[in-house]
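Reviewing the structure listed below.
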Amino acid sequence: NGNVINGLVPKDFRLLDNDKPQVITEDIALHPISMVIAVQASLEVEKMLPAVQKLGSAIQAQILGDDGEVAVLQFDSRITTLTDFTSDPDKFSMALKKLKVGSSTSRLNDATNEGITLLRKRPSSRRRVLLLISESGDNSSELRPREVLSAAEFANVVIYSIDISRLVSQI
C-alpha cells in the first residue's frame, strides 16, 4: 500500500530473474557501529594524551553517526573501562577526559583482547570496530599477538591502530 515497513532484512525477500533465484546482498556499511577505543595511558605517551582527549567530537560525528555506540578503555599495567557502550556524545567526551597517566608498562595485547571481549557481546548486526591508540610495543601482557588476532577474527572485530610511538610522544 506504499507504507514503510521497518525491520525487513534481505532474507525476508525472494528475488527472481527469469524465474531463477538471485542472491540478495546488503551493504554492510549501512550497519551501525559498535566501537571500543583502547588508549594507552602509560608514562611513555603522557605528552600525547591531551591530543587524544580532543578526539571525542570528531569520532562521534564522522565515524559513529546517529546509531553508533562507543566504549572507552585505558591501559598501562592495568586495564580500566572509562565508559561502557554509549551513544551519548557527552559521556564519551567525559570518558576521554578521564584519561590518566599510569605506570611505565603497557599491556597492549591484553587490552586488545578486553576490547574484543566487549565487542563480542554486541549484536551481530552491528559492525564491531576496535580502535587502538598506543605505541606499537607491549611489555607486560599475558596473551600473545596470535591469540588476540584469532579472537578478533572469530568475533568479527576489525582492528584499527593509531601508533603514537616514543618518537612522536617525546615532541
Fill in the blank from the handout: Restricting attention to region 3-53, the residues that are aliphatic (A, V, I, L, M) and within 23 Å of S124 (Cα to Cα) number exactly 13
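Take region 98-116 and flag every residue that is of a type outside the set (A, V, I, L, M), farther than 18 Å from L64 by Cβ and either surrounded by 15 or more Cβ atoms within 10 Å (Cβ to Cβ) or in contact with a helix residue (DSSP H, G or I) (Cβ under 8 Å, 6 or more places away or on another chain) (or both). It would help to see each step written out before you state the result.
Our first condition is that a residue be of a type outside the set (A, V, I, L, M); within region 98-116, this holds for 98, 100, 102-107, 109-110, 112-115.
So of that shortlist, the ones also farther than 18 Å from L64 by Cβ come out as 98, 100, 102-107, 109-110, 112-114.
Of everything in region 98-116, those that are of a type outside the set (A, V, I, L, M), farther than 18 Å from L64 by Cβ and either surrounded by 15 or more Cβ atoms within 10 Å (Cβ to Cβ) or in contact with a helix residue (DSSP H, G or I) (Cβ under 8 Å, 6 or more places away or on another chain) (or both) turn out to be G102, S103, S104, T105, S106, R107, N109, D110, T112, N113, E114.
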Handout entry: When residues of region 117-139 are limited to those that are of a type outside the set (D, E, K, R), in contact (Cβ under 8 Å) with a residue 40 or more places away in the chain and open to solvent by less than 60 Å² (accessible area, probe 1.4 Å), the one farthest from F85 (Cα to Cα)
Key = S134
Practice task
Hey, can you tell me all the residues within region 76-88 that are open to solvent by 50 Å² or more (accessible area, probe 1.4 Å) and acidic (D, E)?
Solution key: D84, D88
Exercise for the section: Look at L73 and say whether it is out of contact with any Ser or Thr (no Cβ under 7 Å at 6 or more places or on another chain), surrounded by 16 or more Cβ atoms within 10 Å (Cβ to Cβ) and closer than 21 Å to P50 by Cα. Expected result: no
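Given the condition among the basic types (K, R), in a helix (DSSP H, G or I) and more than 25 Å from G56 (Cβ to Cβ), answer yes or no: does some residue in region 119-141 qualify? Full working, then the answer.
The first filter runs over region 119-141 and keeps only residues among the basic types (K, R), leaving 120-122, 126-128.
Now drop any that are not in a helix (DSSP H, G or I), which leaves 120.
Checking the rest, the ones that are also more than 25 Å from G56 (Cβ to Cβ) come to none.
The answer is no, given that none of the residues of region 119-141 is among the basic types (K, R), in a helix (DSSP H, G or I) and more than 25 Å from G56 (Cβ to Cβ).
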Handout entry: Some residue of region 140-152 being out of contact with any Phe, Trp or Tyr (no Cβ under 7 Å at 6 or more places or on another chain), at pLDDT 95 or above, surrounded by 15 or more Cβ atoms within 10 Å (Cβ to Cβ) and under 27 Å from V9 (Cβ atoms)
Key = yes
Problem - Residue check for S34: surrounded by 21 or more Cβ atoms within 10 Å (Cβ to Cβ) and over 14 Å from the mean Cα position of the chain (by Cα) - result: no
Exercise for the section: Would you confirm whether any residue within region 58-69 is within 23 Å of D138 (Cβ to Cβ) and of a type in the set (S, T, N, Q)? Expected result: no
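Do any helices (runs of 4 or more DSSP H) lying entirely in region 26-106 carry at least 3 residues that are modelled with pLDDT of 90 or more and either among the aromatic types (F, W, Y) or farther than 30 Å from P10 by Cα (or both), and which ones are they?
Values: elements: 49-53, 56-59, 89-97.
The helices (runs of 4 or more DSSP H) meeting that bar are 89-97.
The values are calculated or read from the model by the stated rules, or taken from the named source; none is laboratory data. In this text the structure is predicted, and so the values were computed from the model without any measurement. All Cβ positions, even for glycine, are placed from backbone atoms using ideal geometry, and neighbour counts span all protein chains on display. We work out accessible area using only protein heavy atoms, side chains counted, and drop any ligands, DNA or RNA first. Shrake-Rupley method; radii C 1.70, N 1.55, O 1.52, S 1.80 Å.
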